[in-house]
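These notes concern the structure reproduced below.
Only the coordinates and a few stated rules stand behind these numbers; no lab work does. These figures come from a predicted structure and were not determined experimentally. Neighbour counts run over all protein chains shown; Cβ positions are idealised from the backbone, glycine included.
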Amino acid sequence: MIDQKLCDALNKQINAEMFSSYLYLSMAAWFETKSLSGFANWMRVQSEEEMFHAMKMFDYVNERGGRVILDTIEKPEAEWDSPLAVIEAVLKHEELVTRLINDLVDVSMEIRDHAGTYFLQWYVEEQVEEEANVGTLLERMRMIADDSAGMFALDMEMAKRTFTPPSSE
Ligand code: FEO
């Protein structure tokens, strides 16, 4: 049976992952209004990944005999100044999620829940990948700056992203 303190912390993180999914979906909607359907697709896939993160945790709480309690999902932002501002906001948000995951690992280590700490390593590694991917995208966008041909080419590339459930091991 899972310790209540870790269970509560995991429930909080399930909510944070669902908020991330909602935030990225809001960004997808924003890109749709700017006729950047490739970016919108990329954000939509990003949103699906976040839901996957939430559900992986949902399943884990159940597997450990804990109780999943869902909470209200905060309203996400809906307006940004530019495509660059959106991607900057994504990186900032992922950095926040990394801090939340680290806090969660601290809780599991504090109560010496080794299985929980092991489970959370997947998220630790996933955050490294997420921050790296968004960081690279941001650098490319800064290079492109106001070059509309560059933006058009990048949008075409972003359209190709598809959702494949991340490896769960
Ligand atoms: Fe679930 Fe992008 O962190």
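Couple of notes before you dig in:
- Of everything listed in (1) aliphatic (A, V, I, L, M); (2) free of Cβ contacts under 8 Å to residues at least 12 places away in the same chain; (3) within 11 Å of the ligand (Cβ to nearest atom), the single unmet condition for Ala132 is (3).
- Residues (closer than 17 Å to Gln121 by Cα and within 10 Å of the ligand (Cβ to nearest atom)) located in the range 1-23: Gln13, Glu17
- Only residues that are under 18 Å from Leu84 (Cα atoms), charged (D, E, K, R) and in a helix (DSSP H, G or I) were counted across the range 15-53, and they come to 2.
- Within the range 85-129, the set of residues being charged (D, E, K, R) and within 11 Å of the ligand (Cβ to nearest atom) comprises Glu94, Glu95, Glu126, Glu129.
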